[in-house]
Amino acid sequence: MEESTKQLAKILGERIRSLRLEQGLSQEQLSERSGLHTNYIGQIERGEKNLTLETLLKIARSLGTSLEQLLHSIDPLDPHTPLGQIVVMLSERPVTDQALVLALMKTVFTWEEEKRK
């Protein structure tokens, strides 16, 4: 792999490991869920493998997430913009916190729209 590809594989592997650990899963459990060999999961998490989209989809589904969520750290929004800051903050929080923030945002936006009427 060329250097930029190696770096992308490493970042993605770290993201997969982080999501797996957040869910309290072992590499063996992720392996069983995804149908991929345990050694392969380890190689992915260490950034030693260049993954296919099919493999990424298997892992995303096994982690109960979308490809978008899985890949967001690869090419995130500019962290200097307000939206980028929101994405960075939320991506570091558990899914339950993300859902809470979403509900809160919907409430605030609905309130704002009603206020304008």
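The values are calculated or read from the model by the stated rules, or taken from the named source; none is laboratory data. Values in this document were obtained by computation on a predicted structure and should not be read as measured data. Neighbour counts are summed over all protein chains in view; Cβ atoms, including those assigned to glycine, are modelled from backbone coordinates with ideal geometry. Side chains included, ligands, DNA and RNA excluded: accessible areas come from the protein's heavy atoms. Shrake-Rupley method; radii C 1.70, N 1.55, O 1.52, S 1.80 Å.
For Cα pairs less than 8 Å apart in space and 6+ apart in sequence, what is the mean separation divided by the residue count of region 1-71, i.e. the relative contact order in percent?
Once divided by the residue count of region 1-71, the mean separation gives 40 percent.
Quick one: pull the percent of accessible area on the chain belonging to carbon and sulfur, 1.4 Å probe, ligands and nucleic acids left out.
57 percent
Rounded to the nearest whole Å², what accessible area per residue is found for the chain with the 1.4 Å probe?
Result: 70 Å² of accessible area for each residue.
How large is the helix-only mean residue ellipticity at 222 nm for the chain, computed as the sum of -39500 (n - 2.57) over DSSP H runs with n ≥ 4, divided by its residue count, in deg cm²/dmol to the nearest 500? Intermediate values should be presented prior to the final figure.
Details: 7 runs with 83 residues, N = 117.
That comes out to -22000 deg cm²/dmol.
Count the lysine pairs in the chain whose Cα atoms lie under 20 Å apart, taking only pairs 8 or more positions apart in sequence or on different chains. Present the calculation step by step, with values, prior to reporting the outcome.
Working: 6/49; 10/49; 10/58; 49/58; 106/115; 106/117.
Step by step, the pairs that qualify in the chain add up to 6.
Quick one: net charge around residue 99, please, counting Lys, Arg +1 and Asp, Glu -1 for every other residue with C-beta under 14 Å from its C-beta.
+1
Sorted by packing (mean other beta-carbon atoms within 10 Å per residue), highest first, where do 108-116, 5-13, 96-104 land?
On the way: 108-116: 8.6, 5-13: 16.0, 96-104: 11.4.
My ranking of the peptides, most packed first, is 5-13, 96-104, 108-116.
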